[in-house]
Every structure is written in C-alpha cells, then in structure tokens.
Amino acid sequence: MLRSTKAAARYLKDLKEEFGSWYMAMAAYNCGEGRVRSAIRRHRTRDFWTLQKRRALPRETAEYIPKFQAAMAIARNPKKYGFDRKTHYEFPEFKRVTIRGNLALHDIAKRQKVSVTSLKALNPHLLKNRTPKARRGYDVWVLAGASTRRQLD
C-alpha cells in the first residue's frame, strides 16, 4: 500500500509537470494521459474548465474535479457544511522487516508471530505468496506488535 501510494504520488506529480496544472493532472490520472493529450490537441487548450465546458473529456472525469474541490472545501471547514462529528480511525502500526532469500509468506508470518492474512494485507505487492530473490534482502511490512527480530535469514 505504501509503495503504491508513493508511486501514485510520483505519477501525479509527473502529470502535473506535463500538463501544467493540478486539474489537468487529475483529469489525466482519472481518464488517461492519452485522452487528455487528444482533447488538448482537438480543442487547442490546456484549460480544464474549457475542456469540461466543451465536453472534450469523459463525463466521469469532467465531474471528478468539481467533486474533488467540494470534498476539499468540506475537509477544510466541516462544521460549515454540517459535519460536526469527527470520526477518528485507529490504524495499526507496522514496521519494515528485511527478508534474506526467497521465503514463503507463511514462513515469515510464523517467524514474526503474525497471521498470513495481515501479512498479505500489508504487502499486496507480493502476488506469489513469497518474497522475490534479492541480493540485499527484500523489505516486507509486518504489524508493529510482531516479533522484535528485525531481519530474517
């Protein structure tokens, strides 16, 4: 989850550099950069609002930016919009463990005293139920309350 979030943020930043505005970057993130480039060429503008008015973008994308703006306005001043109660979620703490070799997730879970389910949830990038071979080790995330051993051999 952490890796995909960082990758998504880098991608969004790259889109902002290419298209020149956060609105256009978000539109490209939503419907694809090829569609946005095509709309820019056809309508000879890089202005999101002009493209929206001309219906140059898919409806879902054209509605995405205003919805995002509305969510931001509410988040900045929730009481103004009738959101009195703050909901607080407790997220579990996790830590990084370096794995040496090519280990199955159930072996890692057993050694770290965590469930395979929580290990999979924290490491969705591990599609084959084992860590890849890596010269310097491979980092996986485990719940912080797990075993105090930081490195598995």
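Throughout, read-outs are computed from the coordinates displayed, never taken from laboratory work. None of these values were measured; they are calculated from a predicted model. Reconstructed Cβ throughout: ideal geometry from the backbone, glycine too, with neighbour counts over all protein chains shown.
Summary of computed values
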quantity	calculated
Condition met for F94 (surrounded by 15 or more Cβ atoms within 10 Å (Cβ to Cβ) and among the aromatic types (F, W, Y))	yes
The lone exception for T61 - which of (1) within 30 Å of W22 (Cα to Cα); (2) of a type in the set (V, I, T); (3) in contact (Cβ under 8 Å) with a residue 40 or more places away in the chain it fails	(3)
When residues of the stretch 41-91 are limited to those that are of a type in the set (K, R), assigned to a loop (DSSP other than H, G, I, E, B) and farther than 12 Å from M24 by Cβ, the one nearest to the chain's Cα centre (by Cα)	K86
